[in-house]
Amino acid sequence: MSAAAGEAECDALQQRIQQAEELGKTVLSRCPHRGLASRILSLYEPPLYSASEVVRQRRAAQWRCVARLLWRFKSTLPFMVLSSLLSMVLGAFSAMRLHYTAAVINIAKDAATSSAGGLPRGRGGVGETIGAMVVSEVIVQLAEFARARMALRGKAKVIQELKVALFAALLRQDLDYLEQCDLWQLRSLIGSCGTTVGQVVDFPATMVEASCRLAAAALALSRQNGRLAAFLTVLLPLRFLLGELLGRLGEWLENQSCLPDFRGQINSCWSALVRPASLRTMRAFAREPIETATFKRFLTVHDRLQERGQMIYRLQQPARALLEHGSEIAALWYGSRLALRGEMDFGELSSALLVAQSAFDGARFAHAAASSVSAHALGPLAQMAALLARRPRIGIDEPPLSAMPDPKAVKWSIKFQDVYFAYPGRQGAWVLQGLSFEASAGEFLGVLGTTGAGKSTILHLLLRFYEPSRGRIFLDGRDICEYNPLWLRQHIGFVSQELVLCKRTVRENLLYGCTPITSGGSSTSRSACLKEPSDDEARAALRLAQCEDTFFNQKTFPNLWHTDVGDSGSDLSGGERQRLAVARALLKRPRLLLLDEATSALDELSQARLQEGIEELRRTEGLTVVCVAHRLSNLANADRLLVLADGRAAEQGTPTELLARPGGVFAEFARAHQASLPGTS
């Protein structure tokens, strides 16, 4: 199970636990018979306890994963320590800033109400205090700048290294994992890595700053008036707790009175219609009135939910405002009583309120930062740790590239020995069932059979996209698992029936596979034998694939082969995409060529010319070809044929041998093909 799926399941389980606990409270409060209520609760108490234990274990496992991941941040520890020291300075002087403001007010008030000799003393006191404020402000700004620089230098390298490690770990995973996980969510996880790491790295400095600000404010308040300081120490946390209770009450009311949010369905409706292919499908089935009615229904429900949410928000606003202003009124009331009794100065009253409010706001910000780290950083960090710790079954580093032989010294013969295979998402649904066959080096093996017989799966196993469930595959007499996947794929040319081109130019797509093999960021001298081909070699591959004239026709391609092919090759026709894909595979000078319906979009004349070119290349370079096809014309040059049925080898042999078999599968294919030609009956 992927980390994201585990997180979602854990969150859903925790939500069910909360619902079960609320149900228990409802039963106890409304059931008139205590014995009956106890029996009802006993029905689900054991599974509730088990679910709670699962959630606790999951959270503990998360923290262990996060602890291992945080060890990667060890290089930031010096920067975190310096940031924390600067935060101590920043917090202390930030708290004193408001203290100096109140001191200036008090001095000015004393000077204005004093006798004639008091004004100079007031002016001198104001000057000293203003000077202290200026020094304090300069120190605060310098500390803030230095802390920001320290934090940036500490985080930048770690974030870059972590993003690269996460991206590399994602690319190394097996196809079955990538097919089952949410790739968009993983891409978002890597993209937001900086924000997540920033929250964790900045958290210690934030806590230190808030603690120092709170300590400096408490010291200043206690020196001004201990009784008011004690009163504010009780009042401000009480206001915070009441605010939290009010927020939870609002959430409870919203959950009780509102239905699930339908914005997800509205967004899916939009996403299904903004793609041209979806619009064509919708129009082909005359769905416009139905889609409009569905969209209107979604909007009606959404507006109703939004109205209920706004009503709850409006009911909460007066209570929040009363709580906010009520605490200030209470502090002013108590402080004014102290001032009227002569126990404190009126100027100190405003100072105390400002200093206390600033300190408490800092503490509340630190609490919010801690909650944010727990709620928003723990899950992503656990997913990152799980992705980094996940080891694929088909690792691209094993066996090492340095141990791979010269590809020209390998006889590219293939042997399947009693191979069973089922795709990971459909365990038990066997695609191949005891398949055995051989293809000699330099041979053209044609593979045909009905849809779903397992033809494309053979090519996927040869490329080591997957491993056989049972049985073995041999290349040159050695188990294919003994070959490094990168080395293997570098020397195999593959043309898939589901053609995908990059959003690049024709030339860049043509050269896509002609790159040296790299592993772990470094090239290997023995296996990185490929270099970027020359323009003449690239054009020769286009010529062999019957598309040089196409991409060098300035009327249709004004920029020639420097023309962008569009997203997934959408600006090219099906035949152009297919021929470019064939040229891309041939330009690698592969030792094994795998063709999966590689000419299905070509006309018969272009297909015949392409087959002639591949046949000439096979004869001159000893190329082994495995071709999957439905049309028999694609297999005109096949030396041997493999006919599949239900994942097994129904027939094997030369075309002549299979045609001579009475009632054979291939003979039936051939008769059906002959009957489909014009002028035959």
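Selection over segment 592-607 of residues that are surrounded by fewer than 20 Cβ atoms within 10 Å (Cβ to Cβ) and either of a type in the set (Ser, Thr, Tyr) or touching a residue at least 12 places away in the same chain (Cβ under 8 Å) (or both) gives a count of 5. Of the candidates Cys212, Cys193, Cys181, the single residue that is over 17 Å from Ser371 (Cβ atoms), modelled with pLDDT under 80, of a type outside the set (D, E, K, R) and more than 13 Å from the chain's Cα centre (by Cα) is Cys212. Each residue in segment 273-299 was checked for being surrounded by 11 or more Cβ atoms within 10 Å (Cβ to Cβ) and modelled with pLDDT of 70 or more, and 12 pass. Taking the criterion of being surrounded by fewer than 19 Cβ atoms within 10 Å (Cβ to Cβ) and either basic (Lys, Arg) or out of contact with any strand residue (DSSP E or B) (no Cβ under 8 Å at 6 or more places or on another chain) (or both), the residues of segment 461-476 that qualify are Phe465, Glu467, Arg470, Arg472, Asp476.
The criterion of being more than 27 Å from Gly569 (Cα to Cα), under 28 Å from the mean Cα position of the chain (by Cα), buried (at least 17 other Cβ atoms within 10 Å of the Cβ) and of a type in the set (A, V, I, L, M) holds for Ala422.
In segment 230-252, the residues that are under 30 Å from Leu305 (Cβ atoms) and among the β-branched types (Val, Ile, Thr) form no Cβ pair under 7 Å with any partner that is modelled with pLDDT of 75 or more and surrounded by 13 or more Cβ atoms within 10 Å (Cβ to Cβ), whether six or more places apart or across chains.
Test Gln554 against the criterion of being assigned to a helix (DSSP H, G or I) and among the polar types (S, T, N, Q), and give yes or no. Against the criterion (assigned to a helix (DSSP H, G or I) and among the polar types (S, T, N, Q)), Gln554 does not qualify.
Does segment 484-498 contain any residue that is under 16 Å from Leu642 (Cα atoms) and touching an Asp or Glu at 6+ places or on another chain (Cβ under 9 Å)? So far as segment 484-498 goes, no, none of its residues is under 16 Å from Leu642 (Cα atoms) and touching an Asp or Glu at 6+ places or on another chain (Cβ under 9 Å). Among the residues making up segment 609-640, a single one is touching a residue at least 60 places away in the same chain (Cβ under 8 Å), surrounded by fewer than 20 Cβ atoms within 10 Å (Cβ to Cβ) and among the polar types (S, T, N, Q): Asn637.
Given the structure, is Leu238 modelled with pLDDT of 75 or more, assigned to a helix (DSSP H, G or I), not assigned by TED's automatic domain parsing to the domain that holds Arg147 and not acidic (Asp, Glu)? So Leu238 passes the test.
Would you say Leu580 is closer than 14 Å to Glu498 by Cα and in contact (Cβ under 8 Å) with a residue 12 or more places away in the chain? Yes; evaluated as a whole, the condition is true for this residue.
Of the helices (runs of 4 or more DSSP H) that lie entirely inside segment 415-532, those containing 1 or more residues that are under 19 Å from Cys627 (Cα atoms) and modelled with pLDDT under 90 span 455-462, 485-490. Report whether or not Arg337 is at pLDDT 75 or above and surrounded by fewer than 19 Cβ atoms within 10 Å (Cβ to Cβ). It is true that Arg337 is at pLDDT 75 or above and surrounded by fewer than 19 Cβ atoms within 10 Å (Cβ to Cβ).
The values are calculated or read from the model by the stated rules, or taken from the named source; none is laboratory data. Treat the numbers as computed from the prediction; the structure is a model and nothing was measured. Note that we place each Cβ from the backbone using ideal geometry, even for glycine, and neighbour counts take in every protein chain shown.
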